[in-house]
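Novice: This is the structure I want to talk about, given as structure tokens.
The values are calculated or read from the model by the stated rules, or taken from the named source; none is laboratory data. Just so it is clear, the structure is predicted and the values come from calculations on it, not from any experiment. Note: ideal-geometry Cβ built from the backbone for every residue, glycine included; neighbour counts use all protein chains shown. Side chains included, ligands, DNA and RNA excluded: accessible areas come from the protein's heavy atoms. Shrake-Rupley method; radii C 1.70, N 1.55, O 1.52, S 1.80 Å.
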Amino acid sequence: MKALLLIDIQNDFLPSGALAVPEGGQVIPIANQLQQHFDLVVATQDWHPQNHKSFSSQHTAKQPFDVIDLYGLEQVLWPDHCVQGSVGAEFSKELNMHKVAAIFRKGTNAEVDSYSGFYDNGHRISTALSDYLRGKAVTEVYLAGLAGDYCVYFSAKDALQEGFAVYLIDDACRPISPEGYQKAKEDIVSKGGKVINSSEIIG
Ligand code: VGL
Ligand code: ZN
């Protein structure tokens with residue numbers, strides 16, 4: 001069984017959002033087309049409390065994109081984004097959500113960030129996404145969404161570690177940093193994942 005994971009296709013990661021990913025909107029038509037080819041579609045949603053420690057606004061004299069040590073973990077500081085209940089946290093209205101069977105929210109603990117849809121960045125607490133997928137007899141995980149070098153990458157890495165076959169759909173992702181995304185893709189391939197194009201699924 002194959003599952004499509006739609007990673008964080010939320011207003012704040014789209015043009016005019018608080019943490020806009022360059023060309024982020026281009027993933028939406030592809031994500032919509034891809035869904036028809038999967039029996040199971042799952043979405044993740046970045047879902048932070050207002051006082052989340054990944055926000056530079058929560059630290060004195062810090063700017064977005066500064067890097068700090070947060071309880072022993074390296075943490076990039078972000079503009080306030082995907083605050084629970086805000087319009088920025090909503091999925092894009094252009095994204096078809098009808099086929100989405102479940103939504104896994106992450107980043108809900110103010111003290112730790114969570115790029116992956118599976119675990120927090122300290123790999124301590126699970127979202128139960130892995131158990132959910134196994135419960136649905138999923139063996140192959142396909143990923144699309146934002147941002148390619150953060151939440152897609154960390155989700156892909158965890159999916160591999162959880163024993164799923166992993167396919168990162170390159171043209172259905174956009175990164176914050178192209179250089180970071182290139183390294184991320186190389187790392188996924190080195191760990192046994194595949195980087196593919198949507199045309200290999202859509203035809
Ligand atoms: C993300 C940075 C902070 C993402 C989420 O979805 O890639 N990036 N929070
Ligand atoms: Zn976030």
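Novice: Suppose we filter segment 172-203 for residues that are among the hydrophobic types (A, V, I, L, M, F, W, C), touching a Phe, Trp or Tyr at 6+ places or on another chain (Cβ under 6 Å) and in a strand (DSSP E or B); how many remain?
Specialist: Within segment 172-203, residues that are among the hydrophobic types (A, V, I, L, M, F, W, C), touching a Phe, Trp or Tyr at 6+ places or on another chain (Cβ under 6 Å) and in a strand (DSSP E or B) number 1.
Novice: For residues that are more than 17 Å from the chain's Cα centre (by Cα) and acidic (Asp, Glu), scanning just segment 36-79, find the one that is farthest from ligand 2 (Cβ to nearest atom).
Specialist: Only one residue fits best here, namely Asp39.
Novice: Looking at segment 179-194 only, could you name the residues that are open to solvent by 40 Å² or more (accessible area, probe 1.4 Å) and either of a type in the set (S, T, N, Q) or within 16 Å of the chain's Cα centre (by Cα) (or both)?
Specialist: Gln182, Ser190
Novice: If you take the residues in segment 80-138 that are farther than 25 Å from Leu14 by Cβ and among the charged types (D, E, K, R), which one is most open to solvent (accessible area, probe 1.4 Å)?
Specialist: Arg124
Novice: Of all residues in segment 1-30, count the ones that are in a helix (DSSP H, G or I) and open to solvent by 10 Å² or more (accessible area, probe 1.4 Å).
Specialist: Total meeting the criteria: 7.
Novice: For a quick check of your reading of the model, give me the residue pairs whose first member lies in segment 98-120 and is free of Cβ contacts under 8 Å to residues at least 24 places away in the same chain, whose second is hydrophobic (A, V, I, L, M, F, W, C) and open to solvent by 20 Å² or more (accessible area, probe 1.4 Å), with beta-carbon atoms closer than 6 Å and at least 6 apart or on different chains.
Specialist: Asp120/Val112
Novice: Check whether at least one residue in segment 151-171 is in contact with a strand residue (DSSP E or B) (Cβ under 7 Å, 6 or more places away or on another chain), outside any helix (DSSP H, G or I), within 16 Å of ligand 2 (Cβ to nearest atom) and open to solvent by 10 Å² or more (accessible area, probe 1.4 Å), and report yes or no.
Specialist: No, there is no match, as no residue in segment 151-171 is in contact with a strand residue (DSSP E or B) (Cβ under 7 Å, 6 or more places away or on another chain), outside any helix (DSSP H, G or I), within 16 Å of ligand 2 (Cβ to nearest atom) and open to solvent by 10 Å² or more (accessible area, probe 1.4 Å).
Novice: Residue check, Gln33 against (1) in a strand (DSSP E or B); (2) surrounded by fewer than 16 Cβ atoms within 10 Å (Cβ to Cβ), all met but one. Which one?
Specialist: (1)
Novice: Out of all the residues in segment 88-102, is one or more within 16 Å of ligand 2 (Cβ to nearest atom) and over 20 Å from Ala20 (Cβ atoms)?
Specialist: So far as segment 88-102 goes, no, none of its residues is within 16 Å of ligand 2 (Cβ to nearest atom) and over 20 Å from Ala20 (Cβ atoms).
Novice: Among the residues of segment 126-153, write down those that are touching a Pro at 6+ places or on another chain (Cβ under 9 Å) and of a type in the set (Asp, Glu).
Specialist: Listed by number, the list holds a single entry, Asp149.
Novice: A further question follows. Mind counting the residues in segment 51-70 that are within 16 Å of Ala18 (Cβ to Cβ) and within 14 Å of ligand 1 (Cβ to nearest atom)?
Specialist: Residues meeting the conditions: 8.
Novice: Now a separate question. Report yes if Ser130 is modelled with pLDDT of 95 or more, touching an Asp or Glu at 6+ places or on another chain (Cβ under 6 Å) and in a loop (DSSP other than H, G, I, E, B), otherwise no. Show your work before the answer.
Specialist: Details: modelled with pLDDT of 95 or more: yes; touching an Asp or Glu at 6+ places or on another chain (Cβ under 6 Å): yes; in a loop (DSSP other than H, G, I, E, B): no.
No, not satisfied.
Novice: Further question: In this structure, is Ile169 under 15 Å from the mean Cα position of the chain (by Cα) and of a type in the set (Val, Ile, Thr)?
Specialist: Yes; evaluated as a whole, the condition is true for this residue.
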